[in-house]
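One structure below.
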Amino acid sequence: MMNKLQQVVSFVRDQYKTDKFIPLHEPRFRGNEKAYLLDTIDSTFVSSVGAYVDKFELMMQELTGTTKAIAVVNGTASLQVALRLAGVRPGDEVITQALTFIATANAIAYNGAVPIFLDVDLDTMGLSPYAVNLFLEEFGELREDGCYNKATGKKISACMPMHTFGFPVHMDELLQACAKWNIPVVEDAAESLGSYYKGKHTGSMGLIGGFSFNGNKTITSGGGGAIVTNNLDMGIHAKYLTTTAKKPHPYEFFHDEMGYNFRMPNLNAALACAQMEELEGFLADKRKLASEYEVFFQHEGIKFRTETQDTKANYWLMCVELADRTERDNFLKFTNDNGVMTRPIWTLMYRLPMYASSQRDTQRNAEFLEERIVNIPSSVR
Ligand SMILES: *Cc1c(COP(=O)(O)O)cnc(C)c1O
């Protein structure tokens, strides 16, 4: 008789039909990737301008239903610039979750601002509107130019929820809480390409949002990111800032703001375009795998995480919730020892030295999830 963990390993092996090492998430290139890359090389337009950059931006606009999408070098850069455009200035504070990948907090710090870590919801694993309300009732002070933190006297100039593993945050409630305190919402949608909340694509509901196309994400451009917004002026400004803020002129160099060289090379955009064509198929296979995992884990008495009401998740990284830390550690050890990669959720941001002194609330749910959530292989088959 196989024990429970042996069953898990053999179930995952059956899904991927291999005896070799099974990674958490690997890319698939079965479409026009090679053709578009060769086309880019033949055209000589491999670098900062080119037709694929424009095409990819249009594809992102269409997918997310936004008025402007801007391709950038990576997801972290997309968030850094999105926060700046939302009005984050050095010395400000930004509300976010501690249960996230490091880039969320770093993007805040790159703007000279400091994060305030608030709790997540147990169901979505994303920033909790309840926690945001509770915090602002206690510490918020509404002034003419925005919301201030009574504890520090600093301006809270943005709120950045993150759609964990592609499960959308409770956006209506969060947008309502932030609107009440006049705080713009910047969505970290890095993990949620293809995820929807009440029919709206993640990243499109706040003032501005950012995506990542890193190698381990749902689709990849090698490295890359995108900013999306429904504010056309802000979108045009985003393109300007990420392309060195140069005044258009046939030969003169004049830059009127401190911009960035954050543009996505055309070579990467070519890969991104080919991957976008594959997205629907990727999402369909991931949904199928998720439903197979759900049935299997139910039988094993392990909780497999599924999308919440009113949302459609992309099932980027799928995960199970173990009973406690011991069960989690046993699960991690056995699966990794047997060549099936699994991984605990991130260490909470305030446990890291550079964010240890940040203001935070109880973190009851974040700490509960930190001890129990494990990601399991989620690649398209
Ligand atoms: C991947 C990711 C990013 C940024 O991605 P890069 O493209 O690697 O810079 C930001 N936030 C979250 C939550 C992510 O998972």
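Read-outs: derived from the displayed coordinates by stated rules, not from any lab. Here the structure is a predicted model, which means the values were calculated and not measured. Backbone-built Cβ (ideal geometry, glycine too); neighbour counts: all protein chains shown.
Here are a few things to note about the model shown:
- Relative contact order of region 235-381: 21 percent, from C-alpha pairs under 8 Å at least 6 residues apart in sequence.
- Residue-count net charge about residue 196 - beta-carbon cut-off 11 Å; Lys, Arg +1, Asp, Glu -1: +1
- Residues 171, 234, 258, ranked from the fewest to the most other C-beta atoms within 10 Å, line up as 258, 234, 171.
- Highest-MSF residue in the chain out of 190, 103, 366 [GNM, Cα springs under 10 Å]: 103
- Neighbourhood net charge (14 Å Cβ-Cβ; Lys/Arg +1, Asp/Glu -1) for residue 219: -3
- Projected onto planes of every orientation and averaged, the convex hull of the alpha-carbon atoms in the chain covers 19.8 nm².
- Residue with peak Gaussian network fluctuation, the chain [Cα springs, cutoff 10 Å], from 26, 144, 187: 144
- Within region 33-276, percent of DSSP bridges classed antiparallel, to nearest 5: 60
- Summing Lys and Arg as +1 and Asp and Glu as -1 over all other residues whose Cβ lies under 9 Å from the Cβ of residue 363 gives a net charge of -2.
- Max mean-square fluctuation residue, GNM over the chain, Cα-Cα springs under 10 Å, options 138, 191, 371: 138
- Loop-resident trypsin sites (Lys or Arg not before Pro) (DSSP state other than H, G, I, E or B) in region 1-106 with no more than 12 further Cβ atoms inside 10 Å of their Cβ: 17, 20, 30.
- In terms of other Cβ atoms within 10 Å, 357, 212, 48 run from fewest to most in the order 357, 48, 212.
- Within the chain, the selection of entire DSSP H helices by a Cα span of 27 Å or greater along the long axis and an average Kyte-Doolittle value of at least -0.5 returns 266-300.
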